[in-house]
Amino acid sequence: MYSNPTQKAGRGKPKDGSDPQGKSPDMDQALPAGLYLVSTPIGNLRDITFRALDILSSVDAIACEDTRVTGKLLSAYNIKKKMMSYNDHNANGRRGGILEAIAEGQAVALVSDAGAPLISDPGYKLVREAVRAGHKVTSIPGANAAVTALQLSGLPSDSFCFGGFLPPKPTARKRVLEKWKDMDATLIFYETGPRLEASLKDIKSVLGDRPVALARELTKMFEEIRREKVSKLLSEVRQKGPPKGEIVLVIGKEEPEEMPQVNLDEQIKKALETMSVRDAAEFVAEATGKPKKTIYTLALKLSGK
Ligand code: SAM
């Protein structure tokens, strides 16, 4: 049985509704009817919150992708609960039953095999329908592979885009990459070992030789983060074969090309003597064949504006 050291602590409710003592508001009485989205570990079974365990212990039923996977988690925490499967294959047939159960007053938890439900996992249509029906829908946050990989990537985290799984077929994959190419953000994709080489090849050809972090087996015994350029990672995969286990790819923004700064600075300064920053940047970019954006940034800096 899990034990929550703060559950017995006295209550002093702060005005903002948060609970610094960690006592779950969900433990006070029977759970209200509704849909509870509960995040579960992405590897290490201990990466689950007290509140997630409170909810899983208190709901009337748990909808899960695979009852065997969720059964293992529940038995690790000595929780016995009715489970029903809700996955990509049966979701359309099962959704109505879950919504009916909630309408009849039941509290139903939705979990996926790992991490946050709905994130490259089933659930969004269930949430949409539950919201439309006016049911309570709430989330119990926790582990997620994309965010964990981003944190460990060493790449800018101020702005990021999560693209789920890249399509398996090259044409569709390249189309997706083209769409994301000019995004001024770090890109995150879920990937599998067998598809990694082909994806890296397309990433290199569409996005260029960007910095990339391959996060593998996060929170597990063989957790590994490789921080490389796409080309280096690609040749490693070609040499050693596909890495085993679960993978997240985090791709950095395009890095400005290395260029002979002195010469370039001089050219820009000269152009700035008679032109606006924009015109000077355009002129030098054309003359040198260097990317306009890079030259413009440099010209702006040299102009002191
Ligand atoms: N809902 C999950 C989440 O919140 O991260 C993602 C589910 S998605 C079906 C499974 C994919 O997530 C895997 O193929 C892998 O790309 C990524 N993933 C899940 N667990 C991971 C881990 N421990 N390490 C690296 N990647 C992981």
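Here are the numbers for the structure shown:
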{"item": "Single residue of Arg95, Arg175 found to be in the same structural domain as Ser57 (by TED's automatic domain parsing), free of Cβ contacts under 8 Å to residues at least 40 places away in the same chain and away from the ligand (no atom under 16 Å from the Cβ)", "result": "Arg95"}
{"item": "Those helices (runs of 4 or more DSSP H) lying entirely in region 91-190 with at least 3 residues touching an Asp or Glu at 6+ places or on another chain (Cβ under 8 Å) and not polar (S, T, N, Q)", "result": "91-103, 170-180"}
{"item": "Of all residues making up region 37-55, the number that are more than 9 Å from the ligand (Cβ to nearest atom), hydrophobic (A, V, I, L, M, F, W, C) and in a loop (DSSP other than H, G, I, E, B)", "result": "2"}
{"item": "So Arg195, is it exposed (fewer than 15 other Cβ atoms within 10 Å of the Cβ), outside the structural domain of Ile119 (by TED's automatic domain parsing) and not in a strand (DSSP E or B)", "result": "no"}
{"item": "Residues within region 202-224 that are within 18 Å of the chain's Cα centre (by Cα), surrounded by fewer than 16 Cβ atoms within 10 Å (Cβ to Cβ) and not in a loop (DSSP other than H, G, I, E, B), tallied", "result": "1"}
{"item": "Residue list for region 80-89, filter: surrounded by 13 or more Cβ atoms within 10 Å (Cβ to Cβ), out of contact with any Asp or Glu (no Cβ under 8 Å at 6 or more places or on another chain) and not in a strand (DSSP E or B)", "result": "Lys81"}
{"item": "Members of region 271-286 that are at pLDDT below 85 and over 24 Å from Asp182 (Cβ atoms)", "result": "none"}
{"item": "Neighbours by Cβ (under 6 Å, 6+ apart or cross-chain): first from region 112-125, at negative phi; second of a type in the set (Asp, Glu) and near the ligand (Cβ under 6 Å from one of its atoms)", "result": "Ser112/Asp121"}
{"item": "Check on Ser153, under 13 Å from the mean Cα position of the chain (by Cα), more than 25 Å from Arg51 (Cβ to Cβ) and surrounded by fewer than 13 Cβ atoms within 10 Å (Cβ to Cβ)", "result": "no"}
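The values are calculated or read from the model by the stated rules, or taken from the named source; none is laboratory data. This structure is a prediction, so every number in the text was calculated from the model and none was measured. A quick note on method: Cβ atoms are made from the backbone with ideal geometry, for glycine too, and the neighbour counts reach across all protein chains shown.
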